[in-house]
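The values are calculated or read from the model by the stated rules, or taken from the named source; none is laboratory data. These numbers come from a predicted model, not from an experiment. Note that each Cβ is placed from the backbone with ideal geometry, even for glycine, and that neighbours are counted across all protein chains shown. Note: accessible area is taken over every heavy atom of the protein model, side chains too, but ligands, DNA and RNA are not part of it. Shrake-Rupley method; radii C 1.70, N 1.55, O 1.52, S 1.80 Å.
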Amino acid sequence: WLQGELLQRGLARVEGRADERVGLAAMLAIEATARQARHGLWALRAFAVRRADELSRRDTDAFQIVEGRATQAAKAGGAVYVNFGPDWHHAFTLRIAGSALKLCREAGLDPLTLAGAALRVRGFIEGGRRPLMEITFPEQIERLTPPR
(Lines give C-alpha, C1' and ligand atoms only; values in the text may rest on other atoms or scores of the structure.)
Protein backbone atom coordinates (compact mmCIF):
# COMPACT_ATOMS: atom_id res chain seq x y z
CA TRP A 1 0.00 0.00 0.00
CA LEU A 2 1.92 3.01 -1.30
CA GLN A 3 0.11 5.65 0.76
CA GLY A 4 0.69 3.66 3.94
CA GLU A 5 4.40 3.24 3.20
CA LEU A 6 4.84 6.97 2.54
CA LEU A 7 3.01 7.82 5.75
CA GLN A 8 4.97 5.27 7.78
CA ARG A 9 8.27 6.77 6.60
CA GLY A 10 7.04 10.27 7.37
CA LEU A 11 7.14 11.30 3.72
CA ALA A 12 3.51 12.47 3.54
CA ARG A 13 0.67 13.91 5.61
CA VAL A 14 -2.95 12.81 5.45
CA GLU A 15 -5.12 15.42 3.79
CA GLY A 16 -8.31 13.70 2.66
CA ARG A 17 -11.45 15.00 1.02
CA ALA A 18 -15.14 14.79 1.85
CA ASP A 19 -15.79 12.57 -1.17
CA GLU A 20 -12.74 10.32 -0.62
CA ARG A 21 -12.81 9.14 2.99
CA VAL A 22 -12.23 5.42 2.53
CA GLY A 23 -9.19 4.34 4.53
CA LEU A 24 -8.72 7.69 6.29
CA ALA A 25 -8.85 6.22 9.81
CA ALA A 26 -6.06 3.76 8.98
CA MET A 27 -3.97 6.45 7.30
CA LEU A 28 -4.40 8.81 10.25
CA ALA A 29 -3.23 6.07 12.63
CA ILE A 30 -0.11 5.41 10.53
CA GLU A 31 0.61 9.14 10.33
CA ALA A 32 0.24 9.49 14.11
CA THR A 33 2.83 6.75 14.69
CA ALA A 34 5.29 8.38 12.28
CA ARG A 35 4.68 11.80 13.86
CA GLN A 36 5.33 10.48 17.37
CA ALA A 37 8.54 8.80 16.17
CA ARG A 38 9.53 12.01 14.32
CA HIS A 39 10.13 10.15 11.05
CA GLY A 40 10.76 12.08 7.85
CA LEU A 41 9.00 15.41 7.68
CA TRP A 42 7.90 15.15 11.29
CA ALA A 43 11.50 15.89 12.30
CA LEU A 44 11.35 19.22 10.44
CA ARG A 45 10.09 22.38 12.10
CA ALA A 46 8.27 23.41 8.90
CA PHE A 47 5.91 20.42 9.28
CA ALA A 48 5.45 20.59 13.05
CA VAL A 49 1.95 20.53 14.48
CA ARG A 50 1.00 24.15 15.11
CA ARG A 51 -0.50 25.47 18.34
CA ALA A 52 -3.80 27.28 17.83
CA ASP A 53 -2.80 30.12 20.15
CA GLU A 54 0.53 30.67 18.36
CA LEU A 55 -0.50 30.73 14.70
CA SER A 56 1.18 33.43 12.67
CA ARG A 57 0.81 34.82 9.15
CA ARG A 58 3.36 32.29 7.87
CA ASP A 59 0.98 29.47 8.92
CA THR A 60 -1.91 30.74 6.78
CA ASP A 61 -2.70 30.03 3.15
CA ALA A 62 -1.28 26.55 3.69
CA PHE A 63 -2.28 23.06 4.84
CA GLN A 64 -1.56 22.72 8.56
CA ILE A 65 -2.22 20.43 11.49
CA VAL A 66 -3.21 22.49 14.53
CA GLU A 67 -3.78 21.58 18.18
CA GLY A 68 -5.51 23.64 20.82
CA ARG A 69 -8.43 23.95 23.19
CA ALA A 70 -11.69 25.13 21.69
CA THR A 71 -13.08 27.99 23.75
CA GLN A 72 -16.53 28.18 22.19
CA ALA A 73 -18.76 26.62 19.56
CA ALA A 74 -21.79 28.42 18.19
CA LYS A 75 -24.17 28.25 15.27
CA ALA A 76 -24.40 31.30 13.03
CA GLY A 77 -25.88 31.63 9.56
CA GLY A 78 -26.25 27.90 8.92
CA ALA A 79 -22.71 27.03 10.00
CA VAL A 80 -21.05 26.08 13.27
CA TYR A 81 -17.99 28.10 14.25
CA VAL A 82 -15.50 26.66 16.72
CA ASN A 83 -13.18 29.30 18.16
CA PHE A 84 -9.82 28.72 19.85
CA GLY A 85 -9.53 32.00 21.72
CA PRO A 86 -11.58 34.54 23.63
CA ASP A 87 -11.60 37.08 20.79
CA TRP A 88 -13.43 35.37 17.94
CA HIS A 89 -12.57 38.27 15.65
CA HIS A 90 -8.89 37.28 15.67
CA ALA A 91 -8.59 33.76 17.12
CA PHE A 92 -8.11 30.63 15.03
CA THR A 93 -11.55 29.37 13.99
CA LEU A 94 -13.10 26.31 12.39
CA ARG A 95 -16.11 26.75 10.12
CA ILE A 96 -18.36 23.72 9.59
CA ALA A 97 -21.29 24.23 7.23
CA GLY A 98 -23.85 22.44 5.09
CA SER A 99 -22.98 18.91 4.08
CA ALA A 100 -19.98 18.86 6.46
CA LEU A 101 -22.32 19.37 9.43
CA LYS A 102 -24.39 16.45 8.22
CA LEU A 103 -21.31 14.24 7.78
CA CYS A 104 -20.04 15.17 11.25
CA ARG A 105 -23.34 14.35 12.89
CA GLU A 106 -23.60 11.05 10.98
CA ALA A 107 -20.13 10.18 12.32
CA GLY A 108 -21.27 10.92 15.89
CA LEU A 109 -19.51 14.27 16.12
CA ASP A 110 -21.68 17.21 17.13
CA PRO A 111 -19.55 20.32 16.54
CA LEU A 112 -21.62 22.27 19.07
CA THR A 113 -20.19 20.03 21.82
CA LEU A 114 -16.55 20.91 21.08
CA ALA A 115 -16.27 23.94 23.39
CA GLY A 116 -13.71 23.13 26.09
CA ALA A 117 -12.27 20.14 24.22
CA ALA A 118 -8.62 19.78 23.27
CA LEU A 119 -8.56 19.15 19.52
CA ARG A 120 -6.19 18.33 16.69
CA VAL A 121 -7.49 19.59 13.35
CA ARG A 122 -6.13 19.46 9.83
CA GLY A 123 -6.80 21.44 6.72
CA PHE A 124 -6.06 24.55 4.73
CA ILE A 125 -5.86 27.72 6.83
CA GLU A 126 -7.16 30.81 5.08
CA GLY A 127 -5.57 34.10 6.04
CA GLY A 128 -7.50 37.29 6.49
CA ARG A 129 -8.58 39.02 9.62
CA ARG A 130 -8.38 35.70 11.47
CA PRO A 131 -6.97 32.29 10.60
CA LEU A 132 -9.91 30.17 9.42
CA MET A 133 -10.06 26.47 8.58
CA GLU A 134 -13.05 25.16 6.65
CA ILE A 135 -14.01 21.69 7.87
CA THR A 136 -15.53 19.58 5.09
CA PHE A 137 -15.49 16.10 6.67
CA PRO A 138 -15.35 14.75 10.25
CA GLU A 139 -11.91 13.12 10.07
CA GLN A 140 -10.39 16.60 9.98
CA ILE A 141 -11.24 16.89 13.68
CA GLU A 142 -9.62 14.69 16.30
CA ARG A 143 -10.80 15.08 19.88
CA LEU A 144 -7.82 14.78 22.23
CA THR A 145 -9.96 14.93 25.38
CA PRO A 146 -13.17 12.98 26.00
CA PRO A 147 -16.50 14.84 25.73
CA ARG A 148 -17.78 16.47 28.90
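Pairs of Cα atoms under 8 Å, at least six residues apart: use those to get the relative contact order of the chain, whole percent.
Relative contact order, the chain: 22 percent.
Set the Förster radius R0 to 22 Å, insert the Cβ-Cβ distance between ALA107 and LYS75 as r into 1/(1 + (r/R0)^6), and round the FRET efficiency to 0.05.
0.75
Using only Cα atoms and rounding to the nearest 10 degrees, what angle (0 to 90) does helix 24-37 make with the longest principal axis of the chain?
For helix 24-37, the angle is close to 70 degrees.
Send over a whole-number figure in Å² for the accessible area per residue of the chain, probe 1.4 Å.
On a per-residue basis, the chain sits at 55 Å².
Note the full-extension length gain between GLU5 and ARG58 as 0.36 nm times their separation in residues minus their Cα-Cα distance, in nm to one decimal.
Length gained, GLU5 through ARG58: 16.1 nm.
Going by a ≥ b ≥ c, the root eigenvalues of the Cα gyration tensor, does the range 1-80 fall in the rounded group (a/c under 1.5), the prolate group (a/b larger than b/c) or the oblate group?
Oblate shape, in that a/c is at least 1.5 and b/c is the bigger or equal ratio.
What spacing in nm lies between the two simple spin-label points modelled at GLU142 and ARG21, each 7 Å away from Cα in the Cβ direction?
Going by the 7 Å Cα→Cβ label model, 1.7 nm.
Determine the calculated [θ] at 222 nm for the chain from helices alone, applying -39500 (n - 2.57) to every DSSP H run no shorter than 4 residues and normalising by the residue count; nearest 500 deg cm²/dmol.
The per-residue figure over the chain is -6000 deg cm²/dmol.
Rounded to a whole number, what % of the accessible area of the chain do carbon and sulfur atoms account for, probe 1.4 Å?
53
Could you tell me the center-to-center distance, by alpha carbons, between the range 20-48 and the range 100-148 in angstrom?
About 18 Å separates the Cα centre of the range 20-48 from the one of the range 100-148.
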